[in-house]
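Below is one structure, written out as structure tokens; the observations come after it.
Quick note: the coordinates plus some simple rules give every number you see, no bench work behind them. Everything numeric here is computed off the predicted structure, so don't read it as measured data. Don't worry about glycine lacking a Cβ; one is built from the backbone with ideal geometry, like all the others, and counts go over all protein chains shown.
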């Protein structure tokens, strides 16, 4: 299985939408169920120059996506926030690690980003382990961070400082 990481294209939007419409993907992020193609298309069309998106593919099939927002405020110019999702059929196969490694390379070696932040639900041990393996540390826990499946859930605030 050869995983190819590349920049997202507008033609990838239906495949990215298909990933985020999977229950584990919208439940593990701040996305809502039943995303529309139009919403994803507008998100990409309206993204400014400080947003970067990569996809993972196997044999032409998009199986994961990671996005990074590089902050433009002069006092936070060294910081970015990221989020990602991997198709349910390819979770636990190294896809997330490859996406994360590629985005970290872009951030640290090309965009001069020295702090990357993310939020991860406290009940997602696989994601927490992945982020920790790449040098992210839990800096705090936000209680009742988001509403999911009819109740409020907590989230760890994690960051990696290079």
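Result for the chain in a Gaussian network model with C-alpha springs under 10 Å: among 27, 87, 11, the largest mean-square fluctuation is at 11.
Most simply put, segment 4-119 has about 85% antiparallel DSSP beta bridges, counting only bridges with both residues inside it. Expressed as a whole percent, how much of the Cα-Cα distance distribution for the chain exceeds 26 Å? Roughly 25 percent, rounded to a whole number. Separation of segment 93-155 from segment 32-60 is 18 Å, based on Cα centroids.
Exposure proxy shown here: for 77, 6, the number of other Cβ atoms within 10 Å sets the order, fewest to most, as 6, 77. Taking 0.36 nm per residue of separation and subtracting the Cα-Cα distance, full extension of the segment from residue 32 to residue 58 would add 6.8 nm.
Compactness of segment 31-92, taken as the C-alpha radius of gyration over 2.2 N^0.38 Å, stands at 1.31. Counted by neighbouring Cβ atoms within 10 Å, the residues 29, 114 run from fewest to most as 114, 29. With contacts taken as Cα pairs under 8 Å and at least 6 residues apart, the chain reaches a relative contact order of 19 percent.
Fewest neighbouring Cβ atoms within 10 Å first, the residues 89, 149 line up as 149, 89.
Among 119, 69, 23, the largest mean-square fluctuation in a Gaussian network model of the chain (Cα springs under 10 Å) belongs to 23.
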